[in-house]
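Contents: one structure, followed by commentary.
The values are calculated or read from the model by the stated rules, or taken from the named source; none is laboratory data. These numbers come from a predicted model, not from an experiment. All Cβ positions, glycine included, derive from the backbone under ideal geometry; neighbour counts span all protein chains shown.
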């Protein structure tokens, strides 16, 4: 009897780092050995890149409350900057070019974050669209960015770090996983630091934040820089590890919306929300196309798939906003909470 | 540039102003909804696509022009009521940005549904207006653009009269002024919102037909919303006059910039130039040309 009732007591006292650690162990030690290359190439690589972009946007939108519709533009800046650093600076290690690309994206993010100093709400959301269109235009228009490729396409370099070849699908998976782990940890540290609380203060009440001494202007630019840094590196992963060949049109407005949807569905202002949302966004089209072709057969062509995908995503967004505004993260918390009572019942 | 070609300048300017009217047409639909419910309705472009696509498909199936017009309008009204029921009512009292994201989702649904229903191919839309430019004191003006401006003018006059002299218009204004006070005197918000969405469906229908006649009815039609957003930012989200003047300003400066300074940027700047103007303007006047001064909640 005592052995059975002690079970929930132990799990109730599980420290918060157990679950992430377990997931990391599985991701590093189990997945590459049991996962097929389809699983890795078609699902896990885009999942990792999109999750990281979601983490970045969540800092900006979830924590600091600044809605951005230009995430894909920052991904593009990251991808093209990494490409150019790698191409033009002889002997620069790949990781350094990617980190520098993050820096460039952060700088671009600050520039497009400047309007946030005077605008908020819808006006700001609309002004981030400027980033979306301007970046896409500049990357297509000026051949220099894509090394004068006629259609603006860039090809990823060989992924070699310190002499180790990461070019296989497992290698690219490890590469992405390490980058995502490090940056997610970084984002989590920021979110739980004083800076992170400043972000939340600005989101919840800017005037009050100013009164208690939060440097509002500086913090806003900082969050734009940090979020763009992470999103830029996510873009580099998207281009180098997942797609290998990208063009500016791949970073269009739909991609920006996709990332926004990831954090809405996953849960605003949570780190794990970005991962849950990205998982849904990556897995769900695959499931939908399987189910659709099973039920409808040949009628379910790619056009129908595309349209029904839009309908389902749109519906999901609205359903989540109405029923679970805190997203999958809150849903998961409630579900596990049911199995894990916080106070164990005393048993006589 | 020894001698400045005034005639050419005038022609570009007129063309720009007239295409600005087309932007205003889309922007008015936004303003209607923003004014009365405080929602920036991103789905306006999708509504426009849906209206135009429904109309064209009906006409292609042999439905007479006016019947198709009436049917489409009826469908838009039903859609407006449905949106109020399914999306707005459960989200009452949520922050505006949540509602905005809901309309993003809504635009995905409507775009998907419209094309699932009627197919993705491009439809030509013939309104029976010839697009022949005619000469007016040496300046060539597109007849179609003039027609579009006339329609826009009629619509603005109609809406203004409607807002000012009808009972429904009065309730719209009451809701726009103060939702709580409107509720307190017994106005039924859900019904009013459904009416507003139906009205903006009508605006979407008109704008959709004009845009569709000009560039074909297809998916890209829903992207005109991206052209209307800088107009709204410039004019203020809650002013019909602002939408008109913002549209004219954006249309004119966009065309002039493309012709006169576009070459220095390598062309193709119309995708973002409107946003640049709107941004620069906003840095000086954060609530737009005619927008109400934002009252900050503390």
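Listed by position, the helices (runs of 4 or more DSSP H) enclosed by segment B:42-120 that each have at least 3 residues that are more than 12 Å from chain A (Cβ to nearest Cβ) are B:44-60, B:65-83. Screening the candidates A:205, A:252 for the property of being within 13 Å of chain B (Cβ to nearest Cβ) and either on the phi > 0 side of the Ramachandran plot or more than 24 Å from the chain's Cα centre (by Cα) (or both) yields one hit, A:205. Exactly one residue among A:77, A:31 is buried (at least 24 other Cβ atoms within 10 Å of the Cβ), in a helix (DSSP H, G or I) and in contact (Cβ under 8 Å) with a residue 12 or more places away in the chain, and that residue is A:77. The helices (runs of 4 or more DSSP H) found entirely in segment B:202-270 that carry 3 or more residues being modelled with pLDDT of 80 or more and over 27 Å from residue A:254 (Cα atoms) are B:240-260.
Within segment A:197-217, being crowded, with 18+ Cβ neighbours inside 10 Å and outside any helix (DSSP H, G or I) holds for one residue alone: A:214.
Just one of the listed residues (A:128, A:140) is within 14 Å of chain B (Cβ to nearest Cβ), under 16 Å from residue A:61 (Cα atoms), assigned to a helix (DSSP H, G or I) and touching a residue at least 40 places away in the same chain (Cβ under 8 Å), namely A:128. Note on segment B:244-263: residues that are within 14 Å of chain A (Cβ to nearest Cβ) and either within 19 Å of residue B:285 (Cα to Cα) or free of Cβ contacts under 8 Å to residues at least 60 places away in the same chain (or both) amount to 6.
Taking the listed residues B:179, B:143, the one that is in contact with a strand residue (DSSP E or B) (Cβ under 7 Å, 6 or more places away or on another chain) and more than 14 Å from every other protein chain (Cβ to nearest Cβ) is B:143, with no other qualifying. Tell me whether segment A:95-114 contains one or more residues that are at the interface with chain B (Cβ under 9 Å from one of its Cβ atoms), within 30 Å of residue B:95 (Cβ to Cβ) and either touching a helix residue (DSSP H, G or I) at 6+ places or on another chain (Cβ under 9 Å) or in contact (Cβ under 8 Å) with a residue 40 or more places away in the chain (or both). Yes, that holds for at least one residue. Only one entry of B:163, B:134, B:172 meets the criterion of being over 25 Å from residue B:54 (Cβ atoms), in a strand (DSSP E or B) and either at pLDDT 85 or above or touching a helix residue (DSSP H, G or I) at 6+ places or on another chain (Cβ under 7 Å) (or both), and that entry is B:134.
Do you know which of the residues in segment A:313-324 that are in contact with a helix residue (DSSP H, G or I) (Cβ under 7 Å, 6 or more places away or on another chain) and surrounded by fewer than 17 Cβ atoms within 10 Å (Cβ to Cβ) is farthest from the other protein chains (Cβ to nearest Cβ)? Taking the candidates together, the pick is A:324.
Of the candidates A:269, A:274, A:249, A:278, the single residue that is exposed (fewer than 15 other Cβ atoms within 10 Å of the Cβ) and out of contact with any strand residue (DSSP E or B) (no Cβ under 9 Å at 6 or more places or on another chain) is A:249.
Residues satisfying the criterion are present in segment A:167-188 (criterion: part of a loop (DSSP other than H, G, I, E, B) and over 20 Å from the mean Cα position of the chain (by Cα)).
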